[in-house]
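Below: the structure, in structure tokens.
The values are calculated or read from the model by the stated rules, or taken from the named source; none is laboratory data. In this text, all values refer to a predicted model and were calculated from it rather than measured experimentally. Using ideal geometry, Cβ is built from the backbone for each residue, glycine included, and neighbour counts are taken over all protein chains shown.
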């Protein structure tokens with residue numbers, strides 16, 4: 001009869017494992033998200049990730065990435081301009097132009113304006129005469 | 001024999017206890033649904049059942065039923081396991097009520113509630129099947145792969161009052177008024193995304209939005225959605241300033257400690273004209289640059305303001321425009337407050353007089369050439385079920 005005791009124990013542990021929610025069985029399901037968060041701590045790494053997402057067609061992911069960067073770097077005009085270009089690609093041209101207008105007059109690298117123009121059409125560069 | 005039976009009973013009891021204990025431990029584990037992907041200023045999280053909230057930090061895990069609370073000029077982005085994001089602005093309350101995600105089957109079921117403040121929702125994996133629903137105190141938003149924004153509370157009432165599609169005559173509950181705006185993707189979207197659609201339901205009526213910049217407003221409990229209507233550039237910019245207070249402050253706005261919720265227009269007198277450079281079209285009739293639209297409402301973000309609608313408690317005009325601020329001693333900023341004992345409006349959810357925008361003197365802008373009050377287009381009666389307004393004919397030419 002004593003040989004059955006381990007059987008009871010195994011049954012008990014097995015039932016506990018089966019009844020456990022996924023979080024019990026999976027240590028940290030959110031670990032993969034940390035990289036996305038970390039990439040947004042810098043404007044360079046954040047925009048690099050966003051451009052990678054744009055190239056792969058993940059436009060909503062790119063928008064979310066750039067929003068994270070903007071939370072950390074709210075004065076990054078080039079990031080806001082890139083975000084505007086993503087909005088254009090998402091067919092939200094009206095919202096994009098509001099953001100373009102916000103960065104008007106700021107020192108923005110030419111690449112960012114080129115991306116915005118490619119996505120939104122000719123928008124003119126403030127202070128550049130067109 | 002007796003000893004053997006007793007031993008077996010004791011061991012069986014122990015086994016059952018181990019089983020139950022393991023189950024209890026597992027059940028007690030919070031279900032992780034995502035992380036705090038970005039945090040600005042004062043953000044707190046109160047776990048379900050916990051008496052007090054604790055300070056939120058980046059990369060911190062967010063569990064099911066955690067209540068996220070943001071303070072003034074604060075912001076948070078919650079990144080869920082399926083890459084869905086909630087970005088919430090200042091003075092907001094967000095809870096993930098349900099989240100079931102199976103990455104192997106690309107299935108997700110998500111329910112969240114926003115009881116206060118402004119937020120932006122971006123769907124995660126575009127190929128994910130399942131139901132997604134975001135609730136405000138008085139409206140339910142069904143989501144089909146999309147980007148949309150919402151404002152709940154006094155700010156929603158204030159912004160809606162300035163919208164031609166709503167008007168200042170609609171009585172709103174300053175605690176629960178809900179403004180919902182679809183941002184995309186539009187039908188002309190690129191990439192691996194599908195055009196977004198949302199269904200806004202309130203008081204048993206549902207309004208479907210499937211084009212960017214269309215909005216729906218629910219003024220109070222028991223009232224049907226108003227809309228869809230095209231959100232004005234000024235209204236959209238106010239929403240952006242609420243969701244992104246840091247950007248608003250850095251780009252165009254000044255902090256406003258008086259209200260504690262956001263922003264006041266910056267003194268933009270030193271800024272050059274917004275549309276004074278080649279290649280950037282003058283604002284069209286709907287106010288969006290280079291587009292046509294609302295007759296008589298052109299000029300985003302032109303001079304003037306919400307004529308005759310003082311009392312925007314978060315700064316009236318985040319765009320700043322070219323207007324100048326002045327105090328309105330007459331306190332004209334109370335067009336949207338719930339009056340006591342007026343039927344379904346408010347329904348006791350927000351005692352009259354507690355509207356933050358109506359306590360002190362209202363504000364209004366002056367100095368622009370368009371100071372006369374615009375016609376109250378699509379003004380709704382305060383009856384419980386106003387007829388949804390027709391959508392103004394869009395004149396978006398697609399890509400500019």
Go through the residues of region B:234-247 one by one and say whether even a single one is modelled with pLDDT under 95, over 14 Å from the mean Cα position of the chain (by Cα) and farther than 18 Å from residue B:158 by Cα.
-> yes
Does region B:188-196 contain any residue that is touching a residue at least 12 places away in the same chain (Cβ under 8 Å) and closer than 22 Å to residue B:116 by Cα?
-> no
So how many residues does region A:41-62 have that are in contact (Cβ under 8 Å) with a residue 12 or more places away in the chain and either at positive phi or in contact with a strand residue (DSSP E or B) (Cβ under 6 Å, 6 or more places away or on another chain) (or both)?
-> 1
Given (1) modelled with pLDDT under 90; (2) more than 9 Å from every other protein chain (Cβ to nearest Cβ); (3) surrounded by fewer than 24 Cβ atoms within 10 Å (Cβ to Cβ), number of the condition residue A:116 does not satisfy | (3)
Of all strands (runs of 3 or more DSSP E) completely enclosed by region B:79-154, which ones contain at least 3 residues that are farther than 21 Å from residue B:46 by Cβ?
-> B:93-102, B:107-122, B:140-144, B:147-152
Residue in region B:179-188 that is more than 14 Å from chain A (Cβ to nearest Cβ) and under 19 Å from the mean Cα position of the chain (by Cα) present = yes
Just need a number here: residues in region B:197-238 that are part of a loop (DSSP other than H, G, I, E, B), under 22 Å from residue B:138 (Cβ atoms) and within 12 Å of another protein chain (Cβ to nearest Cβ).
-> 1
Collect the residues in region B:92-115 that are within 11 Å of the chain's Cα centre (by Cα) and buried (at least 22 other Cβ atoms within 10 Å of the Cβ), keeping them in residue-number order.
-> B:92, B:94, B:114
Go through the residues of region A:44-67 one by one and say whether even a single one is at the interface with chain B (Cβ under 8 Å from one of its Cβ atoms) and within 19 Å of residue B:250 (Cα to Cα).
-> yes
So which residues in region B:49-70 are more than 14 Å from every other protein chain (Cβ to nearest Cβ) and in a loop (DSSP other than H, G, I, E, B)?
-> B:49, B:50, B:51, B:52, B:53
Does residue A:32 qualify as being closer than 22 Å to residue B:212 by Cβ, surrounded by fewer than 16 Cβ atoms within 10 Å (Cβ to Cβ) and more than 7 Å from chain B (Cβ to nearest Cβ)?
-> no
With criteria (1) farther than 21 Å from residue B:244 by Cα; (2) modelled with pLDDT of 95 or more, residue B:169 comes up short on (2)
Qualifying residue in region B:141-150 (condition: over 26 Å from residue B:72 (Cα atoms), buried (at least 23 other Cβ atoms within 10 Å of the Cβ) and modelled with pLDDT under 95) = yes
Counting only residues that are within 7 Å of chain B (Cβ to nearest Cβ) and either buried (at least 24 other Cβ atoms within 10 Å of the Cβ) or modelled with pLDDT of 95 or more (or both), region A:73-86 contains a total of 1
